[in-house]
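For reference, the structure discussed in these notes is given below.
The values are calculated or read from the model by the stated rules, or taken from the named source; none is laboratory data. Predicted model, so just to flag it, every value in this text is computed and none were measured. Every residue, glycine as well, gets a Cβ built from its backbone with ideal geometry; the counts of neighbours run over all protein chains shown. Surface accessibility is based on the protein's heavy atoms, side chains included, excluding ligands, DNA and RNA. Shrake-Rupley method; radii C 1.70, N 1.55, O 1.52, S 1.80 Å.
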Amino acid sequence: MPRPLEELSYAFTVQALVEAVPAARDRVVDRVRGLGLVLDQELIYDLKLLTGELVANAVTYTQAACVVCVRWTGERLRVEVADVDSTLAVPTRALSTDEHGRGLFLVAAMATEWGSQHCAAGKKTWFELAVPASVEGATTVTSSLSEVPAEQAIVNGEDSARPALVEPVPIVGEYARAAHQAA
């Protein structure tokens, strides 16, 4: 049965490897295309860049897996990254000679809106982008077998494109750095 787009969310787990970031970016773009949203090259670039910043921060500073959730609010595309560190993400001041420390400034500058809030796993950092719907008045979408609701976004141990249908498990047990820094 079709559900309103505003109720649909899609989530997946990203392994605790910086090398997993490009695949996560591509997976977010594929999901957005699957929702029937218009993606010009500039929007794809922004979506990939912002997703990559949040996912890279999560896996780099927690050294643990993170969960990426993609949802359409009816007016904006929202991407959330949940990780085990409860320290809220805030932009840091980077010196001109620093190689890191500008990621969240990019997110703040490019996103329609962004933020960080506590969640059961630790924290959730998110951004929203204004995206035009490709079909005027489109309000429903039917999930395919490869789409799994956010509540069931626990993947099996392999690098699988299809999440395993299992009960959600909180991300716990990994040591999270006490002093979270934005990369």
Task: Exposure rank, largest accessible area first [Cys66, Cys119; 1.4 Å] - done: Cys119, Cys66
- [ ] Heavy atoms only, probe 1.4 Å: what % of the accessible area of segment 53-112 goes to carbon and sulfur, would you let me know?
- [x] 50 percent
Task: Whole-number percent relative contact order across segment 53-122, with pairs defined as alpha carbons under 8 Å at least 6 apart - done: 29 percent
Open item on the list: Let's test the formula: R0 of 35 Å, r as the Cβ-Cβ distance of Ala94 and Val38. What FRET efficiency results, to the nearest 0.05?
Closed with: 0.55
